[in-house]
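**Student:** Structure in structure tokens, see below.
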Amino acid sequence: MVGAMGLSSRDDAGVSMTRSGLFVGLSLALTLGACGAARDLRLGDASAAQGDWVSAVDWYARAAERRPDDLALAASLEDARVQAVEQLLASARERFERGDVLGAGADLVQAHRIGPADGRVLATRVELGGIVASRLRDATAAGDLEGATQRLVELRRGFPSQEQADALEDALMRAWLDWAAAEAAAGRHAAARDRILALEQQFPMDGVISGQSARIQSAWVGSLRQSATRKEREGRFAEAYTEAALSSALSGTTVDAAHRDQLRRSFLEHRGLVIAPSLQGPPQRVGQLSAMVASALGQGGPATWRPGTREAEVGGLVRLDPLSCVEEVIALPGEHPYVSGTREVLNPDWAALDQRSDQLRHRYHALVEEEQALTDRRAAAEEALPRAQETEVSARDAVTDARRVLADVELERARAEDALDAAQQAKDALVAGTPPTAELRALAEQVPARRAVLEGLRAQVDAAAVALDRAEAAFQQAHAEVLALAEELRGATQELAQVRERRLQTRTELDGVVEEQRRTPRLLQQDLVSIYHFEVQEWTRTCSATLKVRLSGPGGDQEQVLSASAQTRDRTWLGNPQVGLAPDPLLFPVSDRLLQEEVDEGVAQALVAVVGDQIQQERSHLLARTAGERDQERLLSDLLLAWMMDPARAPETLLPLLRQRHGQFELSYL
């Protein structure tokens with residue numbers, strides 16, 4: 001019962017502590033909430049005092065969430081809402097009158113958030129929204145589609161009539177579609193397509209806009225095709241080519257791509273740079289040179305290599321001189337090793353085996369001596385151990401005898417001490433007044449004698465103890481000697497076994513080396529090598545050619561002398577049969593025909609570089625001429641050709657000109 005009562009008491013205490021903790025937690029939460037509400041209330045009062053009624057509404061609303069039963073706070077919140085709505089409506093009308101329709105709409109949205117049930121807010125939004133809608137209808141009717149689009153944005157940002165905005169938006173979209181159709185019908189397809197693309201971004205799922213976009217693009221592509229074909233017949237190849245490129249980019253069809261490529265070829269045939277100098281020199285070599293240059297320039301490029309053409313932008317003269325070959329020879333020292341005899345030399349393998357056998361013999365003899373020393377050491381230990389053991393037994397017996405003597409003397413001393421104690425007690429009794437008796441008097445008289453006996457026995461005990469210590473020390477020494485001799489014998493035995501094993505292994509290895517040395521020849525026959533010195537002739541055959549180039553065109557003149565050479569080498573010497581040297585006749589590894597081909601290829605590469613420089617000069621001339629060009633076809637033609645001559649450096653005015661003509665364009669279309 002006591003245990004049960006104690007347990008109940010503890011349980012009640014735990015429940016009491018838990019309830020106390022909950023009470024403290026709730027009190028703390030209420031206290032913090034009250035503090036937060038008071039702070040929000042103070043901030044709301046401060047905002048109201050400053051006339052910032054929107055902030056006052058926000059602070060009062062936060063305080064009311066923490067103090068929902070505070071009637072005074074609720075009244076302050078309602079009053080702040082009324083004031084904030086009036087303030088926002090006044091601001092909205094002021095902004096609307098200044099033309100800031102978007103700002104007015106933002107104020108109306110804020111007023112609706114604060115007073116969603118306030119009729120003044122809805123009335124003002126309807127009133128101002130009606131004005132914006134009227135302006136939107138008027139702008140649409142007057143054809144001011146940009147202004148109407150801006151009015152539509154304003155209407156959707158701050159005014160409530162979604163149905164009205166949707167209807168006006170549909171009307172505006174139809175007006176834009178009609179405008180785009182009119183632009184396309186007037187041939188201004190780029191502007192029409194740009195507007196359609198903007199409408200598609202705004203209304204991505206509208207099928208009407210997508211259909212109109214497809215129709216406008218199809219009409220634009222058809223118009224571009226017809227215009228390109230017409231301008232090709234009129235000889236305006238640059239304009240025809242760019243229009244075909246744009247139609248190919250818009251349609252993405254292979255037919256338009258083929259038409260673009262065909263017009264590019266036509267443009268280059270009529271406008272490309274023709275380089276046609278006169279060629280002089282060996283006919284076959286000159287023909288090969290011309291073919292190399294034509295291959296390097298490629299087909300269908302802005303510049304064409306056409307020697308012999310009478311009408312060309314770049315003319316001149318290219319003269320290839322005949323191939324000339326010369327030979328040079330220099331003398332070099334040559335060496336040829338040959339065998340002039342033989343001699344006997346010591347076989348290095350046999351010498352190594354002999355050295356190894358000597359090492360093994362020395363090791364074997366050393367192990368034999370070490371084995372004999374260990375045998376003697378073990379024998380000495382075996383001989384000394386029995387004697388030491390006998391000495392140990394004698395020392396142990398002496399210790400036993402000394403201990404027995406010490407025990408006997410200590411027993412007699414104890415008896416003497418007892419007798420002395422009895423006599424001393426009798427004497428003390430007589431001194432104390434005990435009636436004397438003969439026995440008591442006799443015992444008292446024995447005190448001096450018994451004390452003398454006790455002193456003698458104590459001296460004997462000390463002597464016996466000293467004798468025992470000496471006997472034990474002698475025994476310990478004998479025992480240690482026995483242990484040392486036993487360890488010596490054991491160690492000598494183990495070392496002897498190890499040394500004997502190493503000796504046997506060394507003997508086995510030595511026998512193997514001796515047998516291998518016996519099978520290995522001691523002497524070898526070695527060749528005597530001598531050096532035969534002779535003269536080597538190094539021949540170099542060099543073939544070279546010179547190309548004189550003179551190019552002239554509108555961009556400037558060039559005159560250069562180009563040259564290229566190629567070489568082949570060979571070495572030759574006289575033979576000597578006595579020393580085994582075979583002769584090496586003169587035979588160049590590369591023929592003159594191959595040297596000529598290499599030379600002509602080098603000359604052709606140099607000529608291609610000169611032609612490239614001439615093309616760049618012509619490009620600079622074209623760009624300089626475009627500065628004052630007024631003929632649009634000629635201007636576009638020059639810019640296109642300059643771009644084709646160096647695609648990495650497009651003329652700065654080319655792309656702006658193309659976009660001015662076609663609305664949208666990229667050089668990748670070309």
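**Student:** Short version: ³J(HN,Hα) in whole Hz for each residue of the stretch 422-434, in order, from phi by Karplus 6.51 cos²θ - 1.76 cosθ + 1.60 (θ = phi - 60°), x for Gly and Pro, what are they?
**Tutor:** 5, 5, 5, 5, 5, 5, 5, 5, 5, 5, 7, x, 5
**Student:** Follow-up. Which order do the peptides 593-600, 652-659 take when ranked by the mean count of other beta-carbon atoms within 10 Å per residue, highest first?
**Tutor:** So the order, starting with the most tightly packed, is 593-600, 652-659.
**Student:** Quick one: which residues, 5+ away or cross-chain, put their amide H under 5 Å from the amide H of THR304? H built at 1.01 Å from N.
**Tutor:** LEU273, VAL274, ILE275
**Student:** May I ask you to give the percent of accessible area on the stretch 541-656 that is carbon plus sulfur, with a probe radius of 1.4 Å? Provide the component values of the computation, followed by the final result.
**Tutor:** Details: 3120 of 6140 Å².
Carbon-and-sulfur percentage of accessible area, whole number: 51.
**Student:** Full-extension gain between ALA473 and TRP539, please, as 0.36 nm times their residue separation minus the C-alpha to C-alpha distance.
**Tutor:** Length difference between fully extended and current span is 13.0 nm.
**Student:** If you roll a 1.4 angstrom probe over the protein chains with everything in place, what fraction of the accessible area of the stretch 313-384 belongs to carbon and sulfur, to the nearest %?
**Tutor:** The C+S portion of the solvent-accessible surface of the stretch 313-384 is 51 percent.
**Student:** Using only Cα positions of the stretch 574-637, each an equal point scatterer, no hydration layer, compute I(q)/I(0) via Debye at q = 0.14, 0.21, 0.25 Å⁻¹ and quote the log10 values to two decimals.
**Tutor:** -0.70, -0.90, -1.00
**Student:** Next question, about the same structure. Select from ALA545, SER530, LEU510 the residue farthest towards the positive end of the dipole of the stretch 498-549; place +1 on Cβ of Lys and Arg, -1 on Cβ of Asp and Glu, and compute about the Cα centre.
**Tutor:** LEU510
**Student:** Report, by chain and number, residues whose modeled amide H sits under 5 Å from the one on LEU562, excluding near sequence neighbours (fewer than 5 apart, same chain).
**Tutor:** Under 5 Å from the amide H of LEU562: LEU547, LYS548, VAL549.
**Student:** Rounded to the nearest 10 Å², what accessible area does LYS427 have for a 1.4 Å probe in the complete protein model?
**Tutor:** We get 90 Å² for LYS427.
**Student:** From the alpha carbon gyration tensor of the stretch 447-579, can you work out the equivalent ellipsoid semi-axes (sqrt of 5 times each eigenvalue) and give them in Å, largest to smallest?
**Tutor:** Gyration-tensor ellipsoid for the stretch 447-579: 116, 40, 12 Å.
**Student:** Just to verify a number: FRET efficiency for ARG403 and ALA459, C-beta to C-beta distance, R0 = 22 Å, to 0.05?
**Tutor:** Working: r = 18 Å, r/R0 = 0.84.
E(calc), rounded to 0.05, equals 0.75.
**Student:** Give me a comma-separated list of calculated 3J(HN,Hα) values for the stretch 603-612, in order, Karplus coefficients 6.51, -1.76, 1.60 applied at θ = phi - 60°, integers in Hz, x for any Gly or Pro.
**Tutor:** Per residue, the Karplus-derived 3J(HN,Hα) values read 5, 5, 4, 5, 5, 4, 5, 5, 5, x Hz.
**Student:** Using a 10 Å cut-off on Cβ atoms, rank the peptides 357-366, 47-56 from the highest mean neighbour count down. Display every interim value, and only then the final one.
**Tutor:** Values: 357-366: 14.8, 47-56: 17.0.
Packing proxy ranking, top to bottom: 47-56, 357-366.
**Student:** Hey, another quick one. How high is the FRET efficiency between VAL393 and GLU445 when r is their beta carbon distance and R₀ equals 56 Å, given to the nearest 0.05? Before the final figure, lay out each step's value.
**Tutor:** Values: r = 51 Å, r/R0 = 0.91.
The computed FRET efficiency comes out at 0.65.
**Student:** Please arrange HIS621, HIS533, HIS662 by accessible surface area, largest first, computed with a 1.4 Å probe and ligands excluded.
**Tutor:** The ranking, largest first, comes out as HIS533, HIS621, HIS662.
**Student:** May I pose another question? Counting only the heavy atoms of the protein chains, how much of TRP59 is accessible to a 1.4 Å probe, in Å² to the nearest 10?
**Tutor:** Per-residue accessible area (TRP59): approximately 60 Å².
**Student:** Moving on to the next point. Residues in the stretch 396-420, backbone N under 17 Å from the label point at ALA480 (7 Å along the Cα-to-beta-carbon vector): list them, ranges by number please.
**Tutor:** Counting only backbone N, you get 396.
**Student:** How large is the charge dipole for the stretch 324-417, taken about the Cα centre, if only the Cβ atoms of Lys, Arg (+1) and Asp, Glu (-1) carry charge, to the nearest 20 debye?
**Tutor:** Roughly 480 debye for the stretch 324-417.
**Student:** Residue by residue through the stretch 262-271, which ³J(HN,Hα) values in whole Hz follow from phi under the Karplus form 6.51 cos²θ - 1.76 cosθ + 1.60 (θ = phi - 60°), with glycine and proline marked x?
**Tutor:** Per residue, the Karplus-derived 3J(HN,Hα) values read 5, 6, 5, 5, 5, 4, 5, 5, 8, 10 Hz.
The values are calculated or read from the model by the stated rules, or taken from the named source; none is laboratory data. Note that the structure is a prediction, hence the values are computed from the model and not measured. We place every Cβ from the backbone using ideal geometry, glycine too, and count neighbours over all the protein chains shown. In case anyone asks, the SASA skips ligands and DNA or RNA and just uses the protein heavy atoms, side chains included. Shrake-Rupley method; radii C 1.70, N 1.55, O 1.52, S 1.80 Å.
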